[in-house]
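Novice: Take a look at this one; I'll ask things after.
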Amino acid sequence: MRVALTEESQPADSAGGCASARRKVLVIDDSSTIRRTAEIFLSQAGCDVTLASDGFEALARVGDMRPDLIFCDILMPRLDGYQTCALLKKSPRFHAIPVIMLSSRDGVFDRSRGRLVGAQDHLAKPFTRDALLRVVDAVLPPASVQDSPLHA
């Protein structure tokens, strides 16, 4: 099956941090527990969160959503995280969106393969609230540390 990425993305707002700019985050994972956990942590930090259960669903939503950041599970049915990331990074419209790979596989090989397909970083599962928000903070730095709920 061929997936076409046709929607135009907009550059990320330079205000920084989830709450100050209502950053949009897409979480792609086939585990409802991981999706829900990430949604709770990110929503509490002030992000607008959209969830997708696999790569196909994510690719269908990315154009309308235009996320500032994507968390993508590696092991998923139909279209895995590496394939999803590679498709996003090959698209001129979506290549600038940072992708963070999520996986319980945290070895050098998995991290390297993620970088090869264009992922910016890797977050091991299960993750803590602090670890998830540290990644968001590193990729989408707040305009002012005092204004960011990530530092609460």
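Novice: As an exercise: evaluate Ser148 against (1) modelled with pLDDT of 95 or more; (2) touching an Asp or Glu at 6+ places or on another chain (Cβ under 9 Å) and give the number of the one condition it does not meet.
Specialist: (1)
Novice: More than 21 Å from Cys18 (Cβ to Cβ), in contact (Cβ under 8 Å) with a residue 40 or more places away in the chain, surrounded by 18 or more Cβ atoms within 10 Å (Cβ to Cβ) and touching a helix residue (DSSP H, G or I) at 6+ places or on another chain (Cβ under 8 Å) - does that describe any residue in the stretch 130-149?
Specialist: Scanning the stretch 130-149 turns up no residue that is more than 21 Å from Cys18 (Cβ to Cβ), in contact (Cβ under 8 Å) with a residue 40 or more places away in the chain, surrounded by 18 or more Cβ atoms within 10 Å (Cβ to Cβ) and touching a helix residue (DSSP H, G or I) at 6+ places or on another chain (Cβ under 8 Å).
Novice: Take the residues of the stretch 7-28 that are in a helix (DSSP H, G or I) and out of contact with any strand residue (DSSP E or B) (no Cβ under 8 Å at 6 or more places or on another chain): which is modelled with the highest pLDDT?
Specialist: Ala21
Novice: May I ask you to list the residues in the stretch 80-117 that are in a loop (DSSP other than H, G, I, E, B), in contact with a strand residue (DSSP E or B) (Cβ under 9 Å, 6 or more places away or on another chain) and of a type in the set (Gly, Ala, Ser)?
Specialist: Hit for the stretch 80-117 is Ser104, nothing else.
Novice: Kindly list the number of the only condition in (1) at pLDDT 95 or above; (2) over 16 Å from Leu51 (Cα atoms) that fails for Val99.
Specialist: Failed condition: (2).
Novice: Across the stretch 83-102, which residue is surrounded by the most Cβ atoms within 10 Å (Cβ to Cβ) among those that are under 23 Å from Thr37 (Cα atoms) and touching a helix residue (DSSP H, G or I) at 6+ places or on another chain (Cβ under 6 Å)?
Specialist: Per the criteria, the residue is Thr84.
Novice: Go through the residues of the stretch 107-119 one by one and say whether even a single one is under 21 Å from Asp54 (Cβ atoms), touching a Gly at 6+ places or on another chain (Cβ under 9 Å) and modelled with pLDDT of 95 or more.
Specialist: Yes, some residue in the stretch 107-119 is under 21 Å from Asp54 (Cβ atoms), touching a Gly at 6+ places or on another chain (Cβ under 9 Å) and modelled with pLDDT of 95 or more.
Novice: Inspect all residues belonging to the stretch 50-61 and state whether any of them is at pLDDT below 95, over 19 Å from His122 (Cα atoms) and not in a helix (DSSP H, G or I).
Specialist: no
Novice: Pull out all pairs, ordered by first then second residue, where Cβ-Cβ is under 7 Å, the residues are six or more apart or on different chains, the first lies in the stretch 79-93 and is within 15 Å of Leu26 (Cβ to Cβ) and free of Cβ contacts under 8 Å to residues at least 60 places away in the same chain, and the second is among the aliphatic types (A, V, I, L, M) and in a loop (DSSP other than H, G, I, E, B).
Specialist: What qualifies is Gly81/Ile74; Cys85/Val117; Cys85/Ala119; Lys89/Val117.
Novice: Hey, among the residues in the stretch 29-49 that are among the small types (Gly, Ala, Ser) and in a helix (DSSP H, G or I), which one's farthest from the chain's Cα centre (by Cα)?
Specialist: The qualifying residue farthest from the chain's Cα centre (by Cα) is Ser32.
Novice: A further question follows. So if I check each of Asp30, Asp54, Asp68, Asp48, which one is of a type in the set (D, E, K, R), crowded, with 22+ Cβ neighbours inside 10 Å and more than 17 Å from Ala131 (Cβ to Cβ)?
Specialist: Of Asp30, Asp54, Asp68, Asp48, the one residue that is of a type in the set (D, E, K, R), crowded, with 22+ Cβ neighbours inside 10 Å and more than 17 Å from Ala131 (Cβ to Cβ) is Asp68.
The values are calculated or read from the model by the stated rules, or taken from the named source; none is laboratory data. Bear in mind that the values here come from a model prediction, so they are computed numbers and not experimental data. Methodologically, a virtual Cβ is constructed for each residue, glycine included, from the backbone with ideal geometry; neighbour enumeration extends over all protein chains shown.
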